[in-house]
Amino acid sequence: MKTVFMGTPEMAVPTLKALVENNIDVALVITQTDKPKGRGNQMQSPPVKEYADSLGIEVIQPKSLRNNPEVLEKLRSIAPDFIVVAAYGKILPQEVLDVPKKAPVNVHFSLLPKYRGAAPVNWAVIRGEDETGVATMLMDAGLDTGDILLVEKTPIGKKDAVMIAEELAETGAQLLIKTLKEFDSIIPVKQNDADMTYAPMMKKEDGHIKWAEKTAKEIECMIRGFVPWPAAYTFMDGKMFKLFAAEIVNIENNIEPGTIFDVTKKSFCVKCAKDALMITELQPEGKKRMPAVSFLAGAKLTGGEKFE
């Protein structure tokens, strides 16, 4: 079995690793271009490229696959049985989808047709879903619209988006191997477009907490869903505070949303549109992420202060 793999971030590495460890021929890896990162803007390779390089697998990083005859000719010369895609980050043009002998197969990290798009893990947590999962599907020219091959579900519980991404990366890798090995016996299932939802790219402003508009449950989901970026954040006296852990407090009072109350040595509460949150981990602007007990050891909160 010969494959071409397309993927970019850390979450895609387990799928490439699973192909290699199952002795499936990976003739070529296609990933996105190196990007500047960190304070020094040093160019950094995608994790998929670093892993492929360590194994001596050929890697190319075209800026675009669309109208790219050089890449198309290379793919046709390889003549793979499958093109395998996991978090590549770009939609494949039809001429590329037509290359593999059997099929282009995508590993998508949601329970399709829910959460089509760029950030399915984060939005499933932010919107308070009870479960999420991973699906393998036949790729077509649409955005995650192809027929579904196999699905694996997982409960979300109190896990944050980073934890779920790590879990689904491993689950998806094994589901992909099962999909390829059993491909000829799997009956594809069309997606029901009526149940479709989108998971768009996240913007920094998405993480800004609107205390007067969101319930404690909704904000707690934001805290677990907007990690590692942009984080759920709020402001006090012009300074940003990122929140990383909180517990819902069922309470009815007339305190204005955003107001801090019930300050102890270990935690403090913030009133929401409904109920309140007890903050247990945060990151004040210019400081490291810390438990609330460390923050309160140096902060002068007494209650009555207000987040905006």
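The values are calculated or read from the model by the stated rules, or taken from the named source; none is laboratory data. What you see is a predicted model; the values in this text were computed from it and never measured. A quick note on method: Cβ atoms are made from the backbone with ideal geometry, for glycine too, and the neighbour counts reach across all protein chains shown. In case anyone asks, the SASA skips ligands and DNA or RNA and just uses the protein heavy atoms, side chains included. Shrake-Rupley method; radii C 1.70, N 1.55, O 1.52, S 1.80 Å.
Key figures
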quantity: Hey, T132 polar (S, T, N, Q), within 23 Å of E247 (Cα to Cα) and either in the same structural domain as N67 (by the TED database) or not in a strand (DSSP E or B) (or both) or not; calculated: yes
quantity: Residues satisfying the stated conditions in the range 188-240, i.e. under 14 Å from R127 (Cα atoms) and in contact with a Leu (Cβ under 7 Å, 6 or more places away or on another chain); calculated: A216, I219, E220, I223, A232
quantity: Residue that is nearest to A169 (Cα to Cα), among those in the range 19-44 that are touching a Gly at 6+ places or on another chain (Cβ under 9 Å) and surrounded by fewer than 21 Cβ atoms within 10 Å (Cβ to Cβ); calculated: Q32
quantity: Scan of the range 289-308 for residues that are assigned to a loop (DSSP other than H, G, I, E, B) and either open to solvent by less than 70 Å² (accessible area, probe 1.4 Å) or not β-branched (V, I, T) (or both), ordered by number; calculated: R289, A299, K300, L301, G303, G304, E305, F307, E308
quantity: Qualifying positions in the range 38-69 - part of a helix (DSSP H, G or I) and under 18 Å from T8 (Cα atoms); calculated: P47, V48, K49, E50, Y51, A52, D53, S54, L55
quantity: Boolean, M222 is assigned to a loop (DSSP other than H, G, I, E, B), at negative phi and either touching a residue at least 12 places away in the same chain (Cβ under 8 Å) or in the same structural domain as M139 (by the TED database) (or both); calculated: no
quantity: A199 vs. criteria open to solvent by less than 40 Å² (accessible area, probe 1.4 Å), at pLDDT 95 or above, in contact with a Phe, Trp or Tyr (Cβ under 8 Å, 6 or more places away or on another chain) and within 30 Å of V84 (Cα to Cα); calculated: yes
quantity: Residue within the range 5-17 that is aromatic (F, W, Y), at pLDDT 95 or above and more than 24 Å from D98 (Cα to Cα) present; calculated: no
quantity: A118 vs. criteria outside the structural domain of E218 (by the TED database), closer than 30 Å to V227 by Cβ, small (G, A, S) and crowded, with 19+ Cβ neighbours inside 10 Å; calculated: no
quantity: Members of the range 45-58 found to be farther than 16 Å from A87 by Cα and either among the aliphatic types (A, V, I, L, M) or open to solvent by 80 Å² or more (accessible area, probe 1.4 Å) (or both), listed by number; calculated: D53, S54, L55, I57, E58
quantity: Single condition V107 does not satisfy, out of (1) open to solvent by less than 10 Å² (accessible area, probe 1.4 Å); (2) of a type outside the set (G, A, S); (3) without any contact (Cβ under 8 Å) to a residue 60 or more places away in the chain; calculated: (3)
quantity: The range 135-154, residues that are open to solvent by 10 Å² or more (accessible area, probe 1.4 Å) and assigned to a loop (DSSP other than H, G, I, E, B); calculated: M139, D140, A141, G142, L143, D144, T145, D147
quantity: Residue within the range 18-27 that is part of a helix (DSSP H, G or I) and either closer than 28 Å to A199 by Cα or in contact with a His (Cβ under 6 Å, 6 or more places away or on another chain) (or both) present; calculated: yes
quantity: Residue in the range 67-80 that is at pLDDT 95 or above and crowded, with 21+ Cβ neighbours inside 10 Å present; calculated: yes
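So that you can scan it fast, the table gives a plain yes or no per residue for (1) part of a strand (DSSP E or B); (2) open to solvent by less than 30 Å² (accessible area, probe 1.4 Å):
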position	(1), (2)
P230	no, yes
Y233	yes, yes
L243	yes, yes
A246	yes, yes
N254	no, no
V263	no, no
K274	no, no
K287	no, no
